[in-house]
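These notes concern the structure reproduced below.
The values are calculated or read from the model by the stated rules, or taken from the named source; none is laboratory data. Being a predicted model, the structure only gives us computed values, none of them experimental. Here the Cβ positions follow ideal geometry from the backbone for every residue, glycine too, while neighbour counts run over all protein chains shown.
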Amino acid sequence: MLLRCAIEATTTLAVRPTGISRYARCLVEALDALEPAGDDFALTLLYRSSRFGRRGRLPAGRRIRHQMWRSRLWPPRKPFDVVHATDLRLPPWSGPAMLATIYDLYAALGINFADPAARAREVETLRHLARRCDALIFISDSTRRDFLKTFPYPEERAHAIHLGVGGAFRPQDAAAVAAVRERYRIAGPYLFFVGLHYENKNLSRLLEAFARSGLDADFTLVLAGPAPDAAAHRVLLERIGALGIGPRVNLIGYVAEADVPALYAGAAAFMFPSLYEGFGLPILEAMACGTPVLTSTTSSCPEVAAGHAVLVDPQSVDEIAAGIGKAVALDAARRDAARRYALTKTWQRTAAETLQVYRLAAGRRR
């Protein structure tokens, strides 16, 4: 029997892709590439009417069709067995099994939300999904556990499915690394960090740890990500100056997706000392590029690293400082083991496990 799946994919139309839009696109493309297994399935990508002008950006494929939707308008033809919300926006329809992917519990835990009203809205959205969804997908077991502690939801309908690593994340040739070094004006050995303006990324402690690390003076810390607002940017520059590391910190701003693998590959180590992560895909991406990783003992980070990274207490500047030296000194055997592990985390595997959840949820409705 044909399984008719709809995925709310408006997020894939973002001009500057976010982590969620990358998830939705990679999932859709991997689902479309799956070989038929007994009963086949069809994919309809839903997009909101407000994004009609960008519809050409939607993924295309052999199983895929596109359909615009408005708030309460039920699609007039070909109803679905499953509807999957990839960015917490679930169409308000009845009939099909409803699913959503939950990425983190930032709002419920009070992380990365300066505006109390925005935080309250997000918490209410999570509560709404817990009430409406026949199944929920979590990108880590850590996030699944946090959700089940916070919201009432049947455990047997809560599924942890890890994210995949895209094919671009592999060791890079010398020419590719040299090109990004020139493009972003990076000289000498460097540590790499992404996520400049997020509280959970723990940048303040990382800066202090870098100042204490004892690395050779030619090491720089390369910070990637869109600049925060002007006031926050001034505070960041003042903090860097007060630590006496101004000449050794390189703020490179927004980085094009195509440049990220070579930036990972060229780094002496990747810094990810987060206070909290729903998953932490950069851990796997850096490993897949052959780069040592420093990350945290908290939330999903140990689960994702699976013993292949240097783990530190993110609250301890001294531990981060010592961990930097350990990450830079990681031997070739451990780097290779980490790379081989990261390459087992494919989007094809994510898609196959997600399709199984679709089948289970649809089966409960039949």
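Considering only residues that are touching a residue at least 60 places away in the same chain (Cβ under 8 Å) and within 17 Å of Ala288 (Cβ to Cβ), which ones fall in the stretch 304-326?
Val304
Over 21 Å from the mean Cα position of the chain (by Cα), surrounded by 13 or more Cβ atoms within 10 Å (Cβ to Cβ) and modelled with pLDDT of 90 or more, is that true of Met98? Lay out the reasoning, then the answer.
Numbers: over 21 Å from the mean Cα position of the chain (by Cα): yes; surrounded by 13 or more Cβ atoms within 10 Å (Cβ to Cβ): yes; modelled with pLDDT of 90 or more: yes.
Answer is yes for this residue.
Based on this model, can you work out whether Ala322 counts as aliphatic (A, V, I, L, M), buried (at least 21 other Cβ atoms within 10 Å of the Cβ) and in contact with a Ser or Thr (Cβ under 9 Å, 6 or more places away or on another chain)?
On the way: aliphatic (A, V, I, L, M): yes; buried (at least 21 other Cβ atoms within 10 Å of the Cβ): no; in contact with a Ser or Thr (Cβ under 9 Å, 6 or more places away or on another chain): yes.
No: the conditions fail for Ala322.
For the stretch 341-350, state whether one or more residues are among the polar types (S, T, N, Q), touching a residue at least 60 places away in the same chain (Cβ under 8 Å) and in contact with a His (Cβ under 8 Å, 6 or more places away or on another chain). Please lay out each step first, then the result.
To start, the set of residues in the stretch 341-350 that are among the polar types (S, T, N, Q) comprises 344, 346, 348, 350.
Now restrict to residues that are touching a residue at least 60 places away in the same chain (Cβ under 8 Å): 346, 348, 350.
Still in the list and also in contact with a His (Cβ under 8 Å, 6 or more places away or on another chain): 350.
Checked the stretch 341-350: at least one residue is among the polar types (S, T, N, Q), touching a residue at least 60 places away in the same chain (Cβ under 8 Å) and in contact with a His (Cβ under 8 Å, 6 or more places away or on another chain).
For Asn200, state whether it is in contact (Cβ under 8 Å) with a residue 12 or more places away in the chain, within 24 Å of Pro314 (Cβ to Cβ) and surrounded by fewer than 18 Cβ atoms within 10 Å (Cβ to Cβ). Before the answer, list the steps.
Values: in contact (Cβ under 8 Å) with a residue 12 or more places away in the chain: yes; within 24 Å of Pro314 (Cβ to Cβ): yes; surrounded by fewer than 18 Cβ atoms within 10 Å (Cβ to Cβ): no.
Answer is no for this residue.
I'm trying to understand the selection: among the residues of the stretch 87-111, which are closer than 21 Å to Leu148 by Cβ and polar (S, T, N, Q)?
If we filter the stretch 87-111 for residues that are closer than 21 Å to Leu148 by Cβ, which is where we start, we get 88, 90, 97-111.
Within the stretch 87-111, just Thr101 meets the criteria.
So which of Ala337, Ala327, Ala351, Ala321 ends up being in contact with a helix residue (DSSP H, G or I) (Cβ under 8 Å, 6 or more places away or on another chain), within 26 Å of Leu275 (Cα to Cα) and not acidic (Asp, Glu)? Spell out the reasoning first.
On the way: Ala337 fails: in contact with a helix residue (DSSP H, G or I) (Cβ under 8 Å, 6 or more places away or on another chain); Ala327 fails: in contact with a helix residue (DSSP H, G or I) (Cβ under 8 Å, 6 or more places away or on another chain); Ala351 fails: within 26 Å of Leu275 (Cα to Cα).
Going through Ala337, Ala327, Ala351, Ala321 in turn, the sole match is Ala321.
Out of Arg340, Arg349, which single residue is among the charged types (D, E, K, R), in a helix (DSSP H, G or I) and under 30 Å from His84 (Cα atoms)? Give the derivation first.
Values: Arg340 fails: under 30 Å from His84 (Cα atoms).
The unique qualifying residue is Arg349.
Going by the conditions given, is Pro314 outside any strand (DSSP E or B) and touching a Lys or Arg at 6+ places or on another chain (Cβ under 8 Å)? Steps first, please.
Working: outside any strand (DSSP E or B): yes; touching a Lys or Arg at 6+ places or on another chain (Cβ under 8 Å): yes.
Judged against the criteria, Pro314 is a match.
When the residues of the stretch 164-211 are narrowed to those that are part of a loop (DSSP other than H, G, I, E, B) and among the basic types (Lys, Arg), which ends up nearest to Tyr23 (Cα to Cα)?
Per the criteria, the residue is Arg170.
Contact list please: Cβ distance under 8 Å, first residue in the stretch 175-196 and in contact (Cβ under 8 Å) with a residue 24 or more places away in the chain and crowded, with 17+ Cβ neighbours inside 10 Å, second residue among the hydroxyl-bearing types (Ser, Thr, Tyr) and part of a helix (DSSP H, G or I), pairs at least six apart or on different chains.
Matching pairs, first to second residue: Phe192/Tyr264.
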